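Notes follow once the structure below has been shown.
The values are calculated or read from the model by the stated rules, or taken from the named source; none is laboratory data. Worth saying up front: this structure is predicted, and the values here are computed from it rather than measured. Please note: Cβ atoms are built from the backbone with ideal geometry, for glycine as well, and neighbour counts cover all protein chains shown.
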Amino acid sequence: MSLFHFKQFVINQEGCPMKINTDGVLLGAMCDLHGANKILDIGTGTGVVALMLAQRKPQVYVDGIDIDETAFEKANANFENSIFNNHLKAYHHSFKAFFELHPENRYDLIVSNPPFHLNALQSPKEARNISKHTDETFFLDLLMLAKNHLTADGTLTLVLPVEISLMLQTTAKDFGLYPKHCIKIKSYPDKAHIRHIITFTRNSNNELLFDDFCIYASQGEHSLQYKATLKDFFTIF
């Protein structure tokens, strides 16, 4: 059984097309929870991001949705087996289907570690294709529907490769969303940024603020920044 032990919960990720990864745990640890009481996690996978958010702010309610049946089943079980089970619920839907079924739902925060290999060569395994590959339409639909299902002061936070983040920072304005905060992530101090954790709001008067984050201090040694960010979650810190 493929179990990943965090300090306050356990993730069973056996059979999931997307395992626990650095992108997801950084999103779960660093997205802004100020004012967030009801949260939607799109593409919840194992449920790790939702569980991290529930640990950080135990009074929140988090809906986790995933199009993959195995991922949904694992997330549902991981939610039920956690001490936060009364505040978490899993759904087996795409985000488009979910919003069609729940048109009245509004969220203070929508988060996602979405598929990001735009127009890339796809693997032969269909489940992994769904979890890792997409096209530009996916992000346009996500922007449009997220905006419609955010509360007035709600935020959308995504972890993305840099080139897709830059594209969405421009495109989002066409859908009434505006970049507010960007955490620029690099693997090593002397390397280029590889990911952005980018937050959008409905407020067009935002001044986009930036922070830098580095995962490793040197080969095999996590940075102090990384250790401080994950110390409440990872048993190794």
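A quick yes/no check of all residues on (1) of a type in the set (S, T, N, Q); (2) out of contact with any Phe, Trp or Tyr (no Cβ under 9 Å at 6 or more places or on another chain):
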site: 32; (1), (2): no, yes
site: 42; (1), (2): no, no
site: 68; (1), (2): no, yes
site: 73; (1), (2): no, yes
site: 85; (1), (2): yes, no
site: 88; (1), (2): no, no
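Residues being surrounded by 17 or more Cβ atoms within 10 Å (Cβ to Cβ), modelled with pLDDT of 95 or more and in contact with a Gly (Cβ under 8 Å, 6 or more places away or on another chain) are entirely absent from segment 180-200. Of all the criteria given as (1) closer than 24 Å to residue 178 by Cα; (2) modelled with pLDDT under 95, the one not satisfied by residue 130 is (1).
Okay, residues lined up against (1) at pLDDT 95 or above; (2) in contact with an Asp or Glu (Cβ under 8 Å, 6 or more places away or on another chain); (3) among the small types (Gly, Ala, Ser):
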{"position": "32", "(1), (2), (3)": "yes, no, no"}
{"position": "38", "(1), (2), (3)": "yes, yes, no"}
{"position": "61", "(1), (2), (3)": "yes, no, no"}
{"position": "77", "(1), (2), (3)": "yes, no, yes"}
{"position": "81", "(1), (2), (3)": "yes, no, no"}
{"position": "91", "(1), (2), (3)": "yes, yes, no"}
{"position": "97", "(1), (2), (3)": "yes, no, yes"}
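Do we have residue 42 as crowded, with 16+ Cβ neighbours inside 10 Å, hydrophobic (A, V, I, L, M, F, W, C), farther than 21 Å from residue 143 by Cα and in contact with a strand residue (DSSP E or B) (Cβ under 9 Å, 6 or more places away or on another chain) here? Walk me through it before giving the result.
Values: crowded, with 16+ Cβ neighbours inside 10 Å: yes; hydrophobic (A, V, I, L, M, F, W, C): yes; farther than 21 Å from residue 143 by Cα: no; in contact with a strand residue (DSSP E or B) (Cβ under 9 Å, 6 or more places away or on another chain): yes.
So residue 42 fails the test.
Residue-level check: of (1) crowded, with 21+ Cβ neighbours inside 10 Å; (2) at pLDDT 95 or above, residue 18 misses just (2).
For segment 201-224: of the residues being among the polar types (S, T, N, Q) and within 25 Å of residue 110 (Cα to Cα), which is surrounded by the fewest Cβ atoms within 10 Å (Cβ to Cβ)?
205
Taking the numbered list (1) part of a helix (DSSP H, G or I); (2) surrounded by fewer than 21 Cβ atoms within 10 Å (Cβ to Cβ); (3) out of contact with any strand residue (DSSP E or B) (no Cβ under 9 Å at 6 or more places or on another chain); (4) not acidic (Asp, Glu) in turn, residue 29 passes all entries but (2). The condition of being out of contact with any Cys (no Cβ under 6 Å at 6 or more places or on another chain), among the aromatic types (Phe, Trp, Tyr) and more than 15 Å from residue 94 (Cα to Cα) holds for only one of 6, 72, that being 6.
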